[in-house]
Amino acid sequence: MAKLTLYHAAPSRSSIVHWMLEEVGEPYDLHLLSLKAGENRAPQYLAINPMGKVPALRHGDVVITEAAAICTYLADAFPRRKLNIPIADPRRGIYLKWLFFGPSCLEPAIQDRAFPRKEAAPRAAMGYGEYDTVMEVIAQAVAAGPYLLGEQFTAADVVIGSGLRWGMAFKLLPPRPEFVAYADRLAERPALQRAESKDQELAAA
Ligand SMILES: N[C@@H](CCC(=O)N[C@@H](CS)C(=O)NCC(=O)O)C(=O)O
């Protein structure tokens, strides 16, 4: 089987993929990079990801970047764990919606809260609309639960769940009861626990 290598800094957005790899359950290697030391800007790494960012995933001869894209890829490449919604399934549309909602709506909403603009941006011009609507839409989706696609846990939960967990940890998202209950359900997953404890070890080292 083609080898899987995650280019990783712990903790960071590559922790999203670290969790995903634990859910997938296939063997993988971690190639650690120190962002502090600027290893992500070294020519050897820029040849892998010209954005100079983690995560990047190598799978055999293929390199994939962007956390949500990597999670989508892994779920499709290793369908045994049923972390994807297959193409023929009509729920695939909803599944893709959430995978894209992470980087295109949830993350920009959080970033704008972390780094406010001098003047509010016009809602119509912002792909995510505005913060409160993003929060409401996600709250309704996770309240129905247990997961975004109902009973089936998918890669979309890794992407949206990581954003919610991170946003609440840094107090950039409100601890709405729906978010807290969803985050608590995710925290029970052994794959997330394994990735988190490994990341803590790596960060401490
Ligand atoms: N759009 C990218 C963002 C990745 C990203 O910003 N990673 C941060 C770590 S959380 C990074 O590599 N920062 C180092 C830098 O930009 O110098 C994704 O979703 O994968």
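The figures follow:
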{"read-out": "Amide proton proximity set for A56, modelled H, under 5 Å, gap of 5+", "value": "Y7"}
{"read-out": "Nearest-10 value in Å² for the accessible area of Y28, using the 1.4 Å probe", "value": "50"}
{"read-out": "Surface per residue (accessible, 1.4 Å probe) for the stretch 86-205, Å²", "value": "55"}
{"read-out": "Ranked order, D76, D89, D61 - accessible area, probe 1.4 Å, largest first", "value": "D61, D76, D89"}
{"read-out": "Stokes-Einstein D in µm²/s, Kirkwood radius over Cα pairs - the stretch 66-118 at 37 °C with 0.692 mPa s viscosity", "value": "263"}
{"read-out": "Expected 222 nm ellipticity per residue - DSSP helices of 4 or more, -39500 (n - 2.57), all of the chain, to 500", "value": "-14500 deg cm²/dmol"}
{"read-out": "Percent of beta bridges antiparallel (DSSP, the chain, rounded to nearest 5)", "value": "70"}
{"read-out": "The stretch 78-177 - percent of accessible surface contributed by carbon and sulfur, probe 1.4 Å", "value": "62"}
{"read-out": "Accessible-area value, V180, 1.4 Å probe, nucleic acids and ligands omitted, Å²", "value": "50"}
{"read-out": "Exposure of W166 as accessible area (Å², to 10), given a probe of 1.4 Å and all protein chains", "value": "110"}
{"read-out": "Heavy-atom SASA rank of H31, H8 (probe 1.4 Å, accessible area, largest first)", "value": "H31, H8"}
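The values are calculated or read from the model by the stated rules, or taken from the named source; none is laboratory data. In this text the structure is predicted, and so the values were computed from the model without any measurement. The protein model used for the area step is the full one, side chains on, heavy atoms only, and it has no ligands, DNA or RNA in it. Shrake-Rupley method; radii C 1.70, N 1.55, O 1.52, S 1.80 Å.
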